[in-house]
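Participant: This is the structure I have questions about; it appears just below.
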Amino acid sequence: MSQTVDRALSILPLLAEGPADLGRVAGRLGVHKSTALRLLRTLHEHGLVYRQSDQRYRLGARLFALAQQAVENLDVREIAHPHLVRLNEECGHTVHLAVHEQNEVVYIDKVESRYPVRMYSRIGKPVAITVAAVAKLLLADLPEPERRAVAERLDYRPYTARSTPDAVTYLKELARVRDQGWATDLGGHEESVNCVAAPVRGIDGRVVAALSVSAPNVVVTADELLALLPLVRRTADAVSREYSGTTPAKEPV
């Protein structure tokens, strides 16, 4: 039975390359045409493949519907939370997870610093979108016309002397963030607070969330915080792999 399932599942990536006839499917699987036909019929009955009028097979609409449903039901916060906790345990600083929704970037999870000096931030609170590292990552991933439109309608509040002053500067920063794949806020929102952030990506490579480590400079210098960037990026990559389903879930012992 396991061999049958394996063969049936092997048909799907083949058809993802484009429609294929019975002979090509049988050849790829290394089986007789009758065996390939039986597998294709089973997949067809479940709507996972479709037989065209030219007798070739392609992926079925139900497969796409299932994939869309699975994506819609994914909870990035639930998936990311254990990783945020581990990151916090390793570095000791405040860890945030943020998403872009309804024209705002909001925190959806937070793990507090172990140090007595705490950051004023809370889950559900919008971030300072023109300076926050998580916001830069999320907006940098937007298509260029949308990115420009968003940047041009923002209010560039001067939180500190290091705050982003205008749309032109912000767009340059977003372009740099998009190229390098990470972002910082070094005193742009609060003079005494620094932050480094990395993106969480879905299976299509788009940024679905951003996670960050933040700390006041009375606890750690900006350079010391920047030294944590590889750890932050590894954590974001781990969340991305789990979120996109490229890391197999651990089976219960």
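Participant: Quick one: in segment 89-114, of everything that is of a type in the set (Asp, Glu) and in a strand (DSSP E or B), which residue is nearest to Ala215 (Cα to Cα)? Walk me through how you get there before you give the answer.
Facilitator: Kept after step one, since they are of a type in the set (Asp, Glu), are these residues of segment 89-114: 89-90, 101, 104, 109, 112.
Those left that are additionally in a strand (DSSP E or B): 101, 104, 109.
Values: Glu101: 25, Glu104: 23, Asp109: 16 Å.
The residue in question is Asp109.
Participant: When you check Lys136 against the structure, is it crowded, with 18+ Cβ neighbours inside 10 Å, touching a strand residue (DSSP E or B) at 6+ places or on another chain (Cβ under 8 Å), free of Cβ contacts under 8 Å to residues at least 40 places away in the same chain and of a type in the set (Lys, Arg), yes or no?
Facilitator: Working: crowded, with 18+ Cβ neighbours inside 10 Å: yes; touching a strand residue (DSSP E or B) at 6+ places or on another chain (Cβ under 8 Å): yes; free of Cβ contacts under 8 Å to residues at least 40 places away in the same chain: no; of a type in the set (Lys, Arg): yes.
No: the conditions fail for Lys136.
Participant: Related question: Pairs needed: first member in segment 27-55, in a loop (DSSP other than H, G, I, E, B); second member anywhere, loosely packed, with under 13 Cβ neighbours inside 10 Å; C-beta distance under 9 Å; at least 6 residues apart or different chains.
Facilitator: Cβ pairs passing all conditions: Gly47/Ala61; Gly47/Ala65.
Participant: Right, something else. For the subset of segment 1-23 comprising residues that are polar (S, T, N, Q) and surrounded by 10 or more Cβ atoms within 10 Å (Cβ to Cβ), which member is modelled with the highest pLDDT? Quick ask: steps written out before the conclusion?
Facilitator: Applying the first criterion (polar (S, T, N, Q)) to segment 1-23 yields 2-4, 10.
With the extra rule that they be surrounded by 10 or more Cβ atoms within 10 Å (Cβ to Cβ), the set shrinks to 4, 10.
Values: Thr4: 80, Ser10: 87.
Filtering first and then ranking leaves Ser10.
Participant: Oh, and also: Among the residues of segment 176-195, is any assigned by TED's automatic domain parsing to the domain that holds Glu104, closer than 17 Å to Arg233 by Cβ and among the basic types (Lys, Arg)?
Facilitator: yes
Participant: How many of the residues making up segment 170-188 are farther than 17 Å from Leu154 by Cβ and acidic (Asp, Glu)?
Facilitator: 1
The values are calculated or read from the model by the stated rules, or taken from the named source; none is laboratory data. Values in this document were obtained by computation on a predicted structure and should not be read as measured data. Neighbour counts run over all protein chains shown; Cβ positions are idealised from the backbone, glycine included.
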